[in-house]
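Quick notes on the structure that follows.
The values are calculated or read from the model by the stated rules, or taken from the named source; none is laboratory data. Small disclaimer: the values here were computed from a predicted structure and weren't measured. Methodologically, a virtual Cβ is constructed for each residue, glycine included, from the backbone with ideal geometry; neighbour enumeration extends over all protein chains shown.
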Ligand code: PSU
Ligand code: MN
C-alpha cells in the first residue's frame, strides 16, 4: 500500500477519538533548522495537551504517511533533500519512491482520505500579488474546495494578495469563518483588514457548523476557521510592511518563481526582521494547533 496510517492514528480513528492533522511543509520549508524539529515535536505535544491525537503527514520513500514516528519527523526536519509536495505531486512522488513534505493541499487530501476531520496550519497558500503577471495561485485553494475538512489557520500568508484570495475562496465555495473576529486574520498580524461574513466564538460553535455542513450533504468543501494571532505576539505592522516590500522586490529581481516563492519570502522576512516574523508565525501556528485540538474534541462530543 502506498498510504500508511500509523498505529496510534488508526486506533484513534477506530475508537472515535479526536484527531488533528498537521502538515509538514511548514517544518521542512517554512521554518529554519534546527528550530523546525523542536517545533514539529512541540506542535504534536500541543495536540496531545488538548486531548487529541496528532497526525503529521508526509511522504517517506514513496509511502504517504499519516502519523509520523520520531525518526520520520526528524528526517522531514533535517534532510535537505526533502521535497515540497502539493497534491498534484503525490502520485509521481509515490511512484518514484520519493521523500517529501506535504503542503496544505497534499495534507488536506491525504488526511481527508484517511477520515480525519480537523487540520491545523499557520497560513494557507493563496493568490500571489502580481497574479496578473504570473498566474501564481496556490493549489491549496482549489483542493480545499474538494475536501470536507476543517482547517484552522491564521488566514493566508500576508505575502499574498489577501482580497484576491478571499474572492477566490468565495468563488470556489469554501466556507470561511472568523474565530472571535469579524476580520479575516492577517497571518503575522491579527487582522488583514478584510471582513469575514461569519464569526464563531467557541470550539462547540465550530463543531455545530461542521455538523450542519455534514447534514446538508451535497458537494464537499472545506471549512476555513481563521484564528487571529494574539496582538501582543504580532509582528510590528510597520516593520512587516517595509520588510515585505523589500522581500517582494528581491524575489522579483532574483527571478524566484513557482514553489520556491513562499519559502523564499518567509525566510527573507525571518532574516530581515531578526527573527521577529518567525516568532509571530510560531505564535500563530501554536494557537491554531491548540484550537484545532479543542475543535476536534467538540466535534467528537457532538457526534
Ligand atoms: N503556513 C506557514 N508556513 C508555511 C506554510 C503554511 O506558517 O510554510 C506552507 C503550507 O504548506 C502551504 C504552503 O500549503 O506554505 C503554500 O505554498 P505555495 O504558496 O507554494 O502553494
Ligand atoms: Mn505557488
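In this structure, is residue 149 within 16 Å of ligand 2 (Cβ to nearest atom) and in contact with a helix residue (DSSP H, G or I) (Cβ under 9 Å, 6 or more places away or on another chain)? In short, no. For region 219-232, the condition of being exposed (fewer than 15 other Cβ atoms within 10 Å of the Cβ) and within 16 Å of ligand 2 (Cβ to nearest atom) holds for none of the residues.
Checked against the criterion of being more than 16 Å from ligand 2 (Cβ to nearest atom), more than 28 Å from residue 287 (Cα to Cα) and assigned by TED's automatic domain parsing to the domain that holds residue 25, region 98-112 has at least one qualifying residue.
Hey, could you check region 16-34 for residues that are more than 9 Å from ligand 1 (Cβ to nearest atom) and farther than 14 Å from residue 80 by Cβ and say which is surrounded by the most Cβ atoms within 10 Å (Cβ to Cβ)? Looking at residues that are more than 9 Å from ligand 1 (Cβ to nearest atom) and farther than 14 Å from residue 80 by Cβ, I get 20. Which condition number in (1) in contact with a strand residue (DSSP E or B) (Cβ under 8 Å, 6 or more places away or on another chain); (2) within 16 Å of ligand 2 (Cβ to nearest atom) is the one that residue 139 fails? Unmet for residue 139, out of (1) in contact with a strand residue (DSSP E or B) (Cβ under 8 Å, 6 or more places away or on another chain); (2) within 16 Å of ligand 2 (Cβ to nearest atom): (1). Among the candidates 245, 238, 284, the residue that is within 26 Å of residue 30 (Cα to Cα) and crowded, with 17+ Cβ neighbours inside 10 Å is uniquely 284.
Of 180, 193, 247, all but one fail to be modelled with pLDDT of 95 or more and over 21 Å from the mean Cα position of the chain (by Cα); the exception is 247.
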